[in-house]
Amino acid sequence: MSKSSDFKSISILFVNLLLLAFLIGCIKKVEEPPTTTDPSGMIIVPESNGRDILLDGIISDGEWDDAYKVPLENNINLFFKENDGFLYVAVNYNNNLGMGINLYLSPEDTIIYQFHISAQLGERILFPEMPDSLEPEWVFGQTSDWYANEIRWDTRKQRKLMDSLGMPQYEAFLETMFPGDAVEFQFKLSKFNSDSLKMKIDGFGGPEYSKLMEFPEKTERKNLENWTILVVR
C-alpha cells in the first residue's frame, strides 16, 4: 500500500472519530438536564449553598443569591431554591406594597394546594375545574408543613391617622406598615411527595385589592394548563 493510500485511510478514520465524538456529545446534552430552563415552562430548582433563610419578609444581603431568579414587570422578582428537604420561594416587590399572595402548587393533576398570605396565612385544597360554589372555606392559621411571613402594620397608628387626619384606610395602611419587601415561603417537600410541582402565583394589593402580578401570565387558578413546573431533587 502506498503512503498516499495510508494517509487517506488515516484521514478518513480521523474524520469518523471526530464525527462520533460530536454525536456522543449531542446525546449527552440531550440526556443531562440543564441547571436552568425557560421560566415560563420549567424551573430546575437549585440546591442552596446552606445559607439560612429568615422568613421575615425582608430580602437580606446574600440570602437569596444562590436561588433561581425570575424577573417580572413592575420591579418584582421571584426566587426559588431548596435545601435539606425544604423548598423556598420568595416574591420580592422591592417596596412596601403590602401585596397579598396566592401561591398554587400541584404535585399531580388531580389536586391543587392554595396558600394565601396577607394579614393571615391560610391553606385550602382545590381541584381542577371545580365550580367556585364548591370551593372549601379557608382555614386561616393552618400552616401544616409550611410557613411564610404575614403582612404586618400598626393598626392603632392606622386608626389614629384615619380618625385624626381623615386619611383613607389604604393610605393609612401603607403609612403604618412595618418594613418589608417580600413574601418568603418555606415548604416541606414531603408534604407533596413529588419531584415536580406545577406552580402559579398571583399578587394582589391596592385600595381595591386588584391583581398586581401573575406568573405565569394568562393562566387560571383551577386550570393547570401553562403553569410553570418546578423540578425539585
| request: Might you check whether a residue that is acidic (Asp, Glu) and under 18 Å from residue 112 (Cβ atoms) occurs anywhere in the stretch 145-165? | output: yes
| task | Scan the stretch 77-95 for residues that are of a type in the set (Phe, Trp, Tyr) and assigned to a strand (DSSP E or B) and jot them down. | result | 79, 80, 86, 88
| Yes/no for residue 129 being charged (D, E, K, R), in contact with a Phe, Trp or Tyr (Cβ under 7 Å, 6 or more places away or on another chain) and not in a helix (DSSP H, G or I) | no
| said: For the stretch 155-174, check the following and say yes or no: at least one residue is out of contact with any His (no Cβ under 9 Å at 6 or more places or on another chain), touching a residue at least 12 places away in the same chain (Cβ under 8 Å) and under 26 Å from residue 64 (Cβ atoms). | reply: yes
| said: I'm trying to understand the selection: among the residues of the stretch 106-143, which are closer than 20 Å to residue 55 by Cβ, more than 19 Å from the chain's Cα centre (by Cα) and not hydrophobic (A, V, I, L, M, F, W, C)? | reply: 120, 141, 142
| query | How many of the residues in the stretch 116-139 are under 23 Å from residue 179 (Cα atoms) and surrounded by 14 or more Cβ atoms within 10 Å (Cβ to Cβ)? | reply | 5
| message | Anything in the stretch 148-158 that is surrounded by 14 or more Cβ atoms within 10 Å (Cβ to Cβ) and either in a helix (DSSP H, G or I) or aromatic (Phe, Trp, Tyr) (or both)? List them, or say none. | response | 153, 158
| Does residue 138 count as in contact with a strand residue (DSSP E or B) (Cβ under 7 Å, 6 or more places away or on another chain) and at pLDDT below 95? | yes
| Mind checking whether some residue in the stretch 91-104 is aromatic (Phe, Trp, Tyr) and closer than 16 Å to residue 203 by Cβ? | yes
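For (1) among the aliphatic types (A, V, I, L, M); (2) buried (at least 18 other Cβ atoms within 10 Å of the Cβ); (3) at pLDDT 90 or above; (4) not in a strand (DSSP E or B), each residue gets a yes or a no:
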residue: 180; (1), (2), (3), (4): no, yes, no, yes
residue: 184; (1), (2), (3), (4): no, yes, yes, no
residue: 199; (1), (2), (3), (4): yes, yes, yes, no
residue: 203; (1), (2), (3), (4): no, yes, yes, no
residue: 208; (1), (2), (3), (4): no, no, no, yes
residue: 211; (1), (2), (3), (4): no, no, no, no
residue: 218; (1), (2), (3), (4): no, no, yes, yes
residue: 226; (1), (2), (3), (4): no, no, yes, yes
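The values are calculated or read from the model by the stated rules, or taken from the named source; none is laboratory data. All figures in this text were calculated on a predicted structure; none of them were measured in a lab. Positions of Cβ are backbone-derived with ideal geometry, glycine not excepted, and every protein chain shown enters the neighbour counts.
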